[in-house]
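Data block below; observations after.
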Amino acid sequence: MALAGSAVGLGNLWRFPYLVGQHGGAAFILIYLGCVIFLALPIMLSEFIIGRKAQANAITAFKKLAPGTGWYLTGVMGILTAILIFSFYSVVGGWGIKYLVDACTLKFVPQAQDSFADAFSNFTADAAAPVVYHLIFLALTVGIVVLGVKKGIEKFAKIMMPVLFVLVIVIAVRAISLPGARAGLDYLFKPDFSKVSSKTFLAALGQSFFSLSLGMGTIITYSSYAKRDESVIRDSVYTSFFDTIFAIIAGCAIIPAVFAFGLSPHEGPGLLFVTLPYIFASMPLGSAAAILFFISLLLAALTSSISIIEVAVAFFVEHFNMKRGKAVALCSVVLAVMGTLCSLSLGAVPQISLFGKSLFDLFDYVTSNVLMTIGSILVVVFVGWKLGKKVIKEELSNNGTLHIPDWVLNMFSFLIRYVSPAAVLAIMIF
Ligand code: PHE
């Protein structure tokens, strides 16, 4: 459940639809599915093998399994990646809180329709409000991690996750039945390969890593807490399957509405927040649906943000023997500043940019498309070539207690030794 909580989050609801919009729809989705099955899934299993074998955080795990080598730097990179991801993730989480407040104050009603288009850009261009919301999101994450109200949020998430799932389906049904939604469905399901370029592949690949929390230590950290009799194959397959279904349905909820309301699919990171108010305003009990939706979106985001921060916290606690509270405090100071810079870079202080991208866009781009990608290559090479088949077999079969057919083992080894590193590297280079 915790792993699914980490995987399902803003990546599915916010990031996937905006990438589908930007990268031409159906063809992107097909490439994404290929990336999940042939690349991301084996990478997830590899991280599981490292984490559960070593039973330690992302850096110590490599030190334990390959003592005296430089492999631990993979973990160091993972922690840095986690900090960069959290910086923009918590800004988007803050937008979710702002929209929850708007939903509660009945802003998403037909009478207000004229203001929807500009509301998002006006909000993000403001200096103070988005920063305050980001800090609230950070405080919520930190509060959960420090106070150890994990049990509470787990219970709450167990109820709200299915609620979110049902709501996204309801919203998708509403969106698909809107007049003019047909063009959106065509966009989603009729692939146009003429628009596919190497950028489409990189975006799909990076998104599969982002959505499944790969290549930066989250899976290693979480699986270090997993029991020895847990089936890692089952956990990985379920998580990937559920996460992917969630993303596709989110796409079906957003893209048809984008076309029905004459919005642009190329909107970028604002797509979800620009589109949703129109959908809620057009549906019966829209405000109630909006409130429920944003509460559950927030919970989905929190169960992911906890797993991002945990990568760094686990390291500080285990390596420096730091108290959990102190480790979290240290992280939160850094994250508060970085998130604030990301938020300001979107409008209030556009000078906070590098390589022609705002800091927000840069972090969003670089983490999935470069850092998690390199991290993933290192992980599969480590498991495939350094740990080798014996360890793979032990971990996948729980020391021989589960029957794993030889062809599964051989295929997995082949995938992680040759296919994954070569394919991921090729996509990056092109
Ligand atoms: N997978 C999460 C989501 O889709 C984001 C995430 C990335 C979580 C990396 C942990 C590590 O929202």
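No lab work stands behind these numbers, since they all come straight from the coordinates. Since we're looking at a predicted model, the values are computed, not measured. Virtual Cβ from ideal backbone geometry, glycine too; neighbours counted across all protein chains shown.
Just to verify a number: FRET efficiency for GLN113 and SER177, C-beta to C-beta distance, R0 = 25 Å, to 0.05? Kindly include the intermediate steps, with their values, before the conclusion.
Working: r = 18 Å, r/R0 = 0.73.
Rounded to the nearest 0.05, the efficiency is 0.85.
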From phi via Karplus (6.51, -1.76, 1.60), per-residue ³J(HN,Hα) for segment 257-263 in Hz, x at Gly/Pro: 5, 4, 6, 4, 9, x, 8
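Based on the Kirkwood radius over alpha-carbon pairs, what is the Stokes-Einstein translational diffusion coefficient of segment 190-264 at 37 °C with 0.692 mPa s viscosity, in µm²/s? Each step should come with its number before you reach the end.
Working: Rh = 15.2 Å.
So the translational diffusion coefficient is about 216 µm²/s.
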field: Proportion of all alpha-carbon pairs of the chain beyond 27 Å (%)
entry: 50
- line: Both in Å, the radius of gyration and Dmax of the C-alpha trace of segment 3-52 are 12.9, 39
query: Ordered by residue, what ³J(HN,Hα) values in Hz, to whole numbers, does segment 370-381 give under the Karplus form 6.51 cos²θ - 1.76 cosθ + 1.60, where θ = phi - 60° and Gly and Pro are x?
result: 10, 5, 5, 5, 5, x, 5, 4, 4, 5, 5, 5
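At a 10 Å Cβ-Cβ cut-off, how would you order SER368, SER397, fewest neighbours first?
Listing SER368, SER397 from fewest to most nearby Cβ atoms yields SER397, SER368.
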message: For the chain, what does the helix formula give at 222 nm: sum of -39500 (n - 2.57) over DSSP H segments with n ≥ 4, over the residue count, nearest 500 deg cm²/dmol?
response: -23500 deg cm²/dmol
message: If you average the C-alpha positions of segment 299-345 and of segment 77-111 separately, how far apart do those two centres end up, in angstrom?
response: 16
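Based on the alpha-carbon gyration tensor of segment 378-430 and its eigenvalue square roots a ≥ b ≥ c, which shape applies: rounded if a/c is under 1.5, prolate if not and a/b is larger than b/c, or oblate?
Numbers: a/c = 3.60, a/b = 2.23, b/c = 1.61.
Note, shape of segment 378-430 comes out prolate.
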Crossing angle, helix 198-211 versus the chain [Cα axis fit, 0-90 degrees, rounded to tens]: 80
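What is the fewest-to-most order of PHE88, PHE242 by other Cβ atoms lying within 10 Å of their Cβ?
Values: PHE88 28, PHE242 17.
Ordered by Cβ neighbours within 10 Å, fewest first: PHE242, PHE88.
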Where labels lie 7 Å past Cα in the beta-carbon direction, separation of SER197 and VAL101 in nm: 4.0
query: If each Cα of segment 312-430 is one equal point scatterer, what is log10 of I(q)/I(0) from the Debye formula at q = 0.14, 0.18, 0.22, 0.24 Å⁻¹?
result: -0.88, -0.99, -1.09, -1.16
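Using a cut-off of 12 Å between beta-carbons, work out the net charge of the residues near ILE254 (Lys and Arg +1, Asp and Glu -1, ILE254 not included). Walk me through the intermediate numbers first.
Working: positive: ARG15, ARG174; negative: GLU267.
Net charge in that neighbourhood comes out at +1.
For a footprinting-style exposure proxy, rank CYS252, CYS104, CYS342 by other Cβ within 10 Å, fewest first.
Details: CYS252 24, CYS104 13, CYS342 28.
In order of increasing Cβ crowding within 10 Å: CYS104, CYS252, CYS342.
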message: Compute the distance from the alpha-carbon center of segment 229-292 to that of segment 349-393, in whole Å.
response: 25
query: If you plug each phi of segment 2-19 into the Karplus form 6.51 cos²θ - 1.76 cosθ + 1.60 with θ = phi - 60°, what whole-Hz ³J(HN,Hα) values come out, in order, with x for Gly and Pro?
result: 5, 5, 4, x, 5, 5, 7, x, 5, x, 7, 8, 9, 7, 4, x, 6, 6
- request: For LYS64 and LEU147, calculate 0.36 nm times their separation in residues minus their Cα-Cα distance, and state this gained length in nm to one decimal.
  value: 26.9 nm
query: By what distance, in whole Å, do the Cα atoms of segment 231-372 stretch along each of the three principal axes, largest value first?
result: 54, 48, 31
- prompt: Using only Cα atoms, what is the ratio of the radius of gyration of segment 1-127 to 2.2 N^0.38 Å?
  reply: 1.45
- prompt: Taking the mean number of other Cβ atoms within 10 Å as a proxy for protection, how do you rank 220-231, 385-396 from highest to lowest?
  reply: 220-231, 385-396
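Provide the convex hull volume over Cα atoms per residue for segment 72-186, in Å³. Kindly include the intermediate steps, with their values, before the conclusion.
Details: hull volume 22.0 nm³, N = 115.
Value for segment 72-186: 191 Å³ per residue.
In percent, what relative contact order does the chain have, based on Cα pairs under 8 Å that are 6 or more apart in sequence? Spell out each step's value before the answer.
On the way: 669 pairs, mean separation 152.0, N = 430.
Computed over the chain, the figure is 35 percent.
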statement: Taking Cα atoms, the helix 128-147 axis meets the longest principal axis of the chain at an angle in degrees (rounded to 10) of 40
